[in-house]
Amino acid sequence: MSVRVRYAPSPTGLQHIGGIRTALFNYFFARSQGGNLILRIEDTDQERATSEAVQDLYDMLDWLGISWDEGPEKGGDFGPYIQSERNEIYREYTEKLIADGYAYRCYCTPERLTALRTEQERSKSKEKGYDRYCRNLEDGERRELEKSGKPYVIRFKVPLEGKTSFNDVLMGTISRKNRDINPDPVLVKSDGFPTYHLANVIDDHLMGITHIMRAQEWIPSGSLHILLYEAFGWEPPFYCHLPLVMGKDGQKLSKRHGSTAVRDFKNDGYLPEAVMNYISLLGWSYDDKTEFFTREELEKVFSLEKINKAPGVFDYKKLDWFNGMYIRQKSPVELRDLIIPFLIRDGIIADPPTDDQEKVIGAMIPLIHERLKKLGDVAKMTRFLFQDIETPKPEDVIPKKANAAKALEILNLSKDLFKGIWGSGDGADGEDMEQLFRDTAEKLHVGLGALLMPIRAAVTGSKISPPLFESVRLLGKKKTLERIDRTIRLLEQKLEQEV
Ligand code: GLU
Ligand code: ZN
């Protein structure tokens, strides 16, 4: 049996971590088995589906390099399957269900259904949901209604007795009493579009899907789907419901934890290979210790057996670490090409960069290569090399446990040190400078960190910057001394105001 799997998102929002995890698992499973992956856009909820969501789906799959293997012909290529284009097919199969006695038309008005619900709530009735009124219509009455042209939905006849079970690769047997299934769910809405359940089952069958890998939240729908397969006389596929993705606090991953839209990770400057690698480990592991996998490796080693039952924990810090590791693997030239779009986007350099900017970029790569967590941080980290900075606020210049006078002393002293260093041209390198400042820190009885803090703030305008002395060397004598001077004046003013 050749494996055929699908990723079947509903385009109602941006692709998020959980959805893309499902896509990746299906993709890697198909590849590892020499099978096929299908992309199916489940857009039958016309009120919620948006074209932005569809575009985002294409963009994110493309960014992560997830491609599908077949689909209907589209301008010389093949597109995904799109459910809203397949209404004829669903209609045909629904007619068959009605003819075979598995489904029926329901003419109840929204008013009647609302009244029914209100009454059930008021009387705290054990009966919940639809009361199967139209399931039991007299033949004559039914014919009248059919002729009347009244709007209707089509409902599935859930058996009143018995139970329905299916087997899940991870979860084992899942059973549900039929009377616990929502009474007679809608298969076709009054707008003529199928609901998720109907279209999903028909398509999985027609597309020859062998394994359904999807989020655990779909388990409750499983029994209804099995009943539909039985009604059609079809064999259901294998099921593998994927463990939840949680935040570190054990709650389902949501916006409360941070971004969950994959697009945000792209915009923040995460590398697609890092995101792909990290997401693959959310609920899957190879051997408990190997963490780094290339796409090619995952395409070989991914297997259903190694999917965990326990939820996957999405740890933003861990992803940062992964991303940093992948950035380190880039060559300087690759990193240059990667950061330039971010520098342009954030208004740091011109598009295309000027020759001077190119020079600075080339020189700063070694300074940021080891410490960049995400490409999007590059602007914050290096703006001071390209643009003038604002004079920092006094509180950002004064080290903890020190005061303005101390900061002033440090700045005056470092100004002299820099002047000395540069007195004879541009000689000293970063290491020499560092040694000099180390000795000075000792003399002043302050830590090196406390000594450098005001200088860093004055020169880079930021608490985080590439290594300070290398940065200062890159920035050059004139700008460095100018910025230190400006901050010195600021502190002097502050001290004057205080007396
Ligand atoms: N359209 C459903 C979703 O968006 C697909 C669920 C399934 O894979 O069956 O999650
Ligand atoms: Zn009805």
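Computed from the coordinates by the stated procedures, all read-outs in this text should not be read as laboratory data. Please read all numbers here as calculations on a predicted model, not as lab measurements. Methodologically, a virtual Cβ is constructed for each residue, glycine included, from the backbone with ideal geometry; neighbour enumeration extends over all protein chains shown.
Using alpha carbons only, what's the Rg to Rh ratio of segment 240-331 with Rh from Kirkwood?
Working: Rg = 13.4 Å, Rh = 14.0 Å.
Here the Rg-to-Rh quotient is 0.96.
Peptides 188-201, 209-222: what's the order by average Cβ count within 10 Å, highest mean first? List each step's numbers first, then the result.
Details: 188-201: 19.9, 209-222: 18.4.
Most protected by this proxy first, the peptides run 188-201, 209-222.
Pairs Lys163/Lys252; Lys309/Lys374; Lys266/Lys330; Lys124/Lys157; Lys415/Lys463: which exceed 23 Å Cα-Cα? Could the numbers behind the result be given before it?
On the way: Lys163/Lys252 30 Å; Lys309/Lys374 31 Å; Lys266/Lys330 17 Å; Lys124/Lys157 25 Å; Lys415/Lys463 19 Å.
Checking Cα-Cα distances, Lys163/Lys252; Lys309/Lys374; Lys124/Lys157 exceed 23 Å.
Taking 10 °C and 1.306 mPa s as the conditions, I'd like the Stokes-Einstein D for segment 1-150 in µm²/s, using the Kirkwood hydrodynamic radius from alpha carbon pairs.
On the way: Rh = 19.1 Å.
Here the translational diffusion coefficient equals 83 µm²/s.
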**Message:** Give me the one-decimal nm value for the distance between modelled label points at Ser303 and Ser32, 7 Å along each residue's Cα-to-Cβ direction.
**Reply:** 0.8
**Prompt:** Which residues' amide hydrogens lie under 5 Å from the amide hydrogen of Ala103, considering only partners 5 or more residues apart or on another chain, with H built in the peptide plane?
**Reply:** Ile98, Lys157
**Request:** Read phi for every residue in segment 143-148 and hand back ³J(HN,Hα) as whole Hz from Karplus 6.51 cos²θ - 1.76 cosθ + 1.60, θ = phi - 60°, with x for Gly and Pro.
**Result:** 4, 4, 5, 4, 5, 5
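How much length would be gained if the chain were fully extended between Ala310 and Asp249, taking 0.36 nm per residue of separation minus their Cα-Cα distance, in nm to one decimal? Before the final figure, lay out each step's value.
Numbers: separation 61, 0.36 × 61 = 21.96 nm, distance 1.43 nm.
Extra length available between Ala310 and Asp249 comes to 20.5 nm.
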**Item:** Unpaired by the 4.7 Å Cβ criterion, cysteines found in the chain
**Value:** Cys108, Cys240
**Asked** Between Glu482 and Asn403, 0.36 nm times their residue separation minus their Cα-Cα distance comes to what?
**Response** 26.2 nm
**Prompt:** Under 5 Å between amide H atoms, partner at least 5 residues away or on a different chain: which partners does Ser285 have, H built in plane at 1.01 Å?
**Reply:** Asn308
**Asked** Under the Karplus relation 6.51 cos²θ - 1.76 cosθ + 1.60, θ = phi - 60°, what is the ordered set of whole-Hz ³J(HN,Hα) values for segment 6-20, x standing for Gly and Pro?
**Response** 9, 10, 10, x, 9, x, 10, x, 5, 4, 10, 3, x, x, 5
**Prompt:** Once fully extended, how much extra length lies between Glu95 and Ser2, figured as 0.36 nm per residue of separation less the alpha-carbon to alpha-carbon distance?
**Reply:** 30.4 nm
**Complete:** By the mean-Cβ-within-10 Å protection proxy, highest first, 272-282, 467-477, 142-152 rank as 272-282, 467-477, 142-152
**Item:** Rounded FRET efficiency, nearest 0.05, which uses the C-beta distance separating Lys463 from Arg328 and R0 of 30 Å
**Value:** 0.85
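As a test of understanding, state the convex hull volume per residue of segment 264-423 from its alpha carbons, in Å³. If you can, show how the numbers build up before the last one.
Numbers: hull volume 29.8 nm³, N = 160.
Hull volume normalised by residue count: 186 Å³.
Place a +1 charge on the Cβ of each Lys and Arg in the chain and a -1 charge on the Cβ of each Asp and Glu, then give the dipole magnitude about the Cα centre in debye, rounded to the nearest 20. Don't skip to the end; give the middle numbers.
Working: 72 positive and 78 negative charges, 301 e Å.
It works out to roughly 1440 debye.
Per the Kirkwood definition applied to all pairs of different Cα atoms, how many angstroms is the hydrodynamic radius of the chain?
The Cα-based Kirkwood calculation yields 27.7 Å.
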**Request:** Mind jotting down the three principal axis lengths of segment 89-245 based on Cα atoms? Whole angstrom, largest first.
**Result:** 47, 39, 28
**Asked** Karplus couplings for segment 383-397 from phi (6.51 cos²θ - 1.76 cosθ + 1.60, θ = phi - 60°), rounded to Hz, Gly and Pro as x?
**Response** 3, 4, 7, 10, 10, 5, 10, 6, 5, x, 6, x, 5, 7, 9
**Asked** Counting only Cα, what are the radius of gyration and maximum Cα-Cα distance Dmax of segment 374-499, in Å?
**Response** 14.0, 46
